[in-house]
Amino acid sequence: MEINKWFAAIDTHSGGEPLRVITGGLPQMEGATQQARADYFIRNFDSVRRVLMAEPRGHHGMTGAIVTTPASEDAHFGLLFMNNEGLAPVSGHGVIAAVTAWIETGQLLPDEADQGIRIDCPAGRITAYTDCEGSEVKSVSFDNVPSFVYELDVPISLQGLEFTVDVAFSGAFYAIVDAKALGGIKLTESALPDLQAWGGEIRRAVESQLTVVHPKLADITGIHGVVICDADDVHQHGSDYRNVTVFAGEQFDRSPGGAGACAHMAVLMRRGELRLGKEVVYEGIAGSQAIGRTMEELTFGSYKAILPRLTGNAYILGLMNFVVDPSDPLSDGFVLR
């Protein structure tokens, strides 16, 4: 066997959603901002994303992160997020998992984390807080970027049904839809192929009639994910909503949703269905829960926005080493959907 590439990673999950934190085999990303670093990665190392996210080392639902040096003077570090479609400007479950991994492997001291971990992301600054027992992270909370409703009641006509979706920004753009509008589909494992199909169709339908561009970050465009919500068929005690987010080439989020849940909170606040400071509990299709809360109302350009906080937990699964053998005909990876 000949080896011409080697990569190290910490494999984790947050609420069932996997995150592979790449810790070796890549140089530091060049660029003065996280977006510039994301662009540099895509130009020079996108093959690494395919190798580590796709099969046989990963799978269709795999996501990953790269820890970078800070892009701003007072940040602790930066994060770039990836999946099988490309890079994402933010990932809520990714923040929770990466912070957990960084503390539990000794890269960041728990006492330092208690004061707030400032993280530079392509979508902006995120601040995370931890609840630790010694070096064990019990939970991570993060204050997301300012989140706002981009458009309410976008009309959709699909599969003989007429309904509306709401579009909101929470680090990326999401279309929010009630499961009842989709013919009463249930958010269950057996319905996942249908949910994935709905997610892809809704994403394309919204983008066909609505130009979606961030008012200040021109690189963030289009619908990143579709959040399908159900308040009437929750499975876990204490849950307010059951969510499935379909994103990035019809991957589905196993967790209750990170940024997607924050987008949903922005819609609830705009519609007067959630009060400032009130907790809302989300559950994912894997059965895990996360707690959301609106910390502040603010103005972002011409938009009324909120500062959402989400609390969840994550676990380390393994310390991984991957190699690439150029004689392997599948060394570049492949994705079965």
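The values are calculated or read from the model by the stated rules, or taken from the named source; none is laboratory data. What you see is a predicted model; the values in this text were computed from it and never measured. When we count neighbours, we look across all protein chains shown, and the Cβ atoms used for this are built from the backbone with ideal geometry, even at glycine. What goes into the accessible areas is simple: the full protein's heavy atoms, side chains included, and nothing from ligands, DNA or RNA. Shrake-Rupley method; radii C 1.70, N 1.55, O 1.52, S 1.80 Å.
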Would you work out if the stretch 208-303 is rounded, prolate or oblate? Take a ≥ b ≥ c from the square roots of the eigenvalues of the alpha-carbon gyration tensor; rounded if a/c is under 1.5, else prolate when a/b is larger than b/c, oblate otherwise. oblate
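Report the rotationally averaged projected area of the chain based on its alpha-carbon convex hull, in square nanometres. Before the final figure, lay out the partial values.
Details: hull surface 68.1 nm².
Across all orientations, the chain yields a mean hull projection of 17.0 nm².
Which whole-number value in Å² is the accessible area per residue of the stretch 1-159, probe 1.4 Å?
Details: 6000 Å² over 159 residues.
The answer is 38 Å² per residue.
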Please report, for the Cα atoms of the stretch 119-220, the Rg to one decimal and the Dmax as a whole number; what are they, in angstrom? 17.4, 56
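Per the 1.4 Å probe, what fraction of the accessible area of the chain, in percent, lies on carbon and sulfur atoms? It would help to have the intermediate numbers written out before the result.
Working: 6650 of 13980 Å².
Accessible surface attributable to carbon and sulfur in the chain totals 48 percent.
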Integer Hz, Karplus 6.51/-1.76/1.60 couplings in order for the stretch 208-225, x for Gly and Pro: 6, 10, 10, 7, 10, 9, 5, x, 10, 10, 5, 6, 9, 9, x, 8, 7, x
How large is the convex hull of the C-alpha atoms of the stretch 7-76 per residue, in Å³? 101
So, in nm, how far is label residue 197 from label residue 111 when the simple model puts each one 7 Å beyond its Cα toward the Cβ? 5.8
Links that overshoot a 31 Å alpha carbon limit, given the list 5/216; 186/216; 216/278: 5/216; 186/216
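So if I average 1/r over every pair of distinct C-alpha atoms in the stretch 1-118 and take the inverse, what Kirkwood radius in Å does that give? Mind dumping the intermediate values first?
Working: mean 1/r = 0.0677 Å⁻¹.
Here the Kirkwood hydrodynamic radius works out to 14.8 Å.
Kindly provide the helix-only [θ] at 222 nm of the chain, computed as the sum of -39,500 (n - 2.57) over DSSP H runs of four or more divided by all residues, to the nearest 500 deg cm²/dmol?
Values: 5 runs with 68 residues, N = 337.
Rounded to the nearest 500, it is -6500 deg cm²/dmol.
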Determine the sum of side-chain charges near residue 328: Lys and Arg each +1, Asp and Glu each -1, restricted to other residues whose C-beta is under 15 angstrom from that of residue 328. -1
Which whole-Hz couplings ³J(HN,Hα) result when phi for each residue of the stretch 176-190 is put into the Karplus expression 6.51 cos²θ - 1.76 cosθ + 1.60, θ = phi - 60°, listed in order with x for Gly and Pro? 10, 9, 7, 4, 4, 6, 9, x, x, 4, 8, 8, 10, 4, 5
Compute the acute angle (0 to 90°) between the alpha-carbon long axis of helix 92-104 and the principal axis of greatest extent of the alpha-carbon atoms of the chain; round to the nearest 10°. 40
Per residue of the stretch 226-239, what does 6.51 cos²θ - 1.76 cosθ + 1.60 with θ = phi - 60° give for ³J(HN,Hα)? Whole Hz please, x for Gly and Pro, Karplus curve as stated. 10, 9, 9, 10, 9, 8, 9, 9, 6, 10, 10, 4, x, 6
Sort 304, 216 from largest to smallest accessible area, using a 1.4 Å probe on the heavy atoms of the protein chains. 304, 216
Sequence-distant residues sharing a close amide H with residue 165 (under 5 Å, placed H): 153, 154, 156
Taking N as the number of residues in the stretch 61-158, what value does Rg over Cα atoms divided by 2.2 N^0.38 Å take? 1.22
